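Q: Submitted below is the structure of interest, expressed as structure tokens.
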Amino acid sequence: MLLAALTLGVAAATADATVYYGALEGAQKPAVIVALKVFDRIPEYQEIKRRGLGPDDSDYWVLLAKANEKFYAAIRKAAEARSYDVVVEAGTHTFEKEPPDATQAVIDSLEK
């Protein structure tokens, strides 16, 4: 359910990477995150899970839109604060050097 929801958001899925912020081409300072860990901290997503909502429920779409908005705002805030030029889902792209896991930084940005 979450993966289907994420594809409805702003994330750009390429052949080998799910990009949440920036672009892979020319990236000098990448970071990775585990989106599910971030979504699990967003109240609207918690509500979707608590109520067992799915795509056939109208509240699902309202809550998902709010959760996606918070998700992407937190990624943008964390990326800009740490000068990351691209943020991708962990394990969806291979970089020359292992990038830092910015999941906790994104979660921290949710709470500010």
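Any read-out appearing in this document is the output of simple, stated calculations on the displayed coordinates, not a laboratory observation. All of these numbers come straight from a predicted model, not from anything done at the bench. Counting neighbours? That spans all protein chains shown, and the Cβs are built from the backbone with ideal geometry, glycine included.
Q: For the stretch 2-110, what does the relative contact order come out to in percent, with C-alpha contacts under 8 Å and a separation of six or more?
A: Across the stretch 2-110, relative contact order equals 42 percent.
Q: How large is the dipole of the chain about the Cα centre if only Lys and Arg carry +1 and Asp and Glu carry -1, each at its Cβ, rounded to the nearest 20 debye?
A: With Lys and Arg at +1 and Asp and Glu at -1, about 320 debye.
Q: How big is the gap, in Å, between the Cα center of the stretch 98-112 and the Cα center of the stretch 20-47?
A: Cα centres, the stretch 98-112 to the stretch 20-47: 8 Å.
Q: So what is Rg over Rh here for the chain, counting just Cα atoms and using Kirkwood for Rh?
A: Value, to two decimals: 0.98.
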